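A quick write-up on the structure given underneath.
The values are calculated or read from the model by the stated rules, or taken from the named source; none is laboratory data. Here the structure is a predicted model, which is why all the values come from computation and not from measurement. Every residue, glycine as well, gets a Cβ built from its backbone with ideal geometry; the counts of neighbours run over all protein chains shown.
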């Protein structure tokens, strides 16, 4: 053991320096500063799946991993729309979800923001409007920010949330 410690002391550090922070980290820090400026507390998000394939939900869940750590930036997901500042809606709105989405929107206190996530939330995606789908989220409730992509990346989701917070 002593021989190994002497070798470490003789050679010194061989590790590479840390890379500069990526775009995601700068975006997260900007989001945290903007949330603190606008709300002076955490932003509460109610995520609503209005009929998606769950691809967008996987990317939304990625926001909570240690890399993106949105809770550290002051963003929390809540179970009740009565506690929410922002609605994050995914998928084309199925006909069975129209009334539920309207009620969720009505239950969210003012001022509220709505972010339509993914191509399906933006325009109905490959499903469009049909007997089973009302199409885009904007066809049912007012939308403030649209995050395109199928599915959008976590960084794009962060940009959309930041845009919604800045418009508050």
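Take residue 89 and decide whether it is at pLDDT 90 or above, within 20 Å of residue 159 (Cβ to Cβ), touching a strand residue (DSSP E or B) at 6+ places or on another chain (Cβ under 9 Å) and surrounded by 13 or more Cβ atoms within 10 Å (Cβ to Cβ). When the stated conditions are applied, residue 89 passes them. When residue 30 is tested against (1) surrounded by 12 or more Cβ atoms within 10 Å (Cβ to Cβ); (2) part of a loop (DSSP other than H, G, I, E, B); (3) over 13 Å from the mean Cα position of the chain (by Cα), exactly one condition is not met: (2).
Looking only at helices (runs of 4 or more DSSP H) that lie completely in the stretch 89-168, which have at least 1 residues being over 19 Å from the mean Cα position of the chain (by Cα)?
Here the list reads 98-107.
If we keep just the residues of the stretch 115-134 that are closer than 21 Å to residue 46 by Cβ and out of contact with any helix residue (DSSP H, G or I) (no Cβ under 7 Å at 6 or more places or on another chain), which is surrounded by the fewest Cβ atoms within 10 Å (Cβ to Cβ)? The qualifying residue surrounded by the fewest Cβ atoms within 10 Å (Cβ to Cβ) is 122. Examine the stretch 33-42 for a residue that is crowded, with 19+ Cβ neighbours inside 10 Å and part of a loop (DSSP other than H, G, I, E, B), and state whether such a residue exists. For the stretch 33-42, residues crowded, with 19+ Cβ neighbours inside 10 Å and part of a loop (DSSP other than H, G, I, E, B): absent. Within the set 45, 60, 70, 35, the sole residue that is under 21 Å from the mean Cα position of the chain (by Cα), modelled with pLDDT under 85 and closer than 16 Å to residue 154 by Cβ turns out to be 70. Can you tell me how many residues in the stretch 53-72 are over 19 Å from residue 124 (Cβ atoms), without any contact (Cβ under 8 Å) to a residue 40 or more places away in the chain, outside any loop (DSSP other than H, G, I, E, B) and touching a strand residue (DSSP E or B) at 6+ places or on another chain (Cβ under 9 Å)? Looking only at that region, the number is 0.
Quick check on residue 5: is it at pLDDT 80 or above, surrounded by 14 or more Cβ atoms within 10 Å (Cβ to Cβ) and in a helix (DSSP H, G or I)?
Values: at pLDDT 80 or above: yes; surrounded by 14 or more Cβ atoms within 10 Å (Cβ to Cβ): no; in a helix (DSSP H, G or I): yes.
For residue 5, the condition - at pLDDT 80 or above, surrounded by 14 or more Cβ atoms within 10 Å (Cβ to Cβ) and in a helix (DSSP H, G or I) - is not met.
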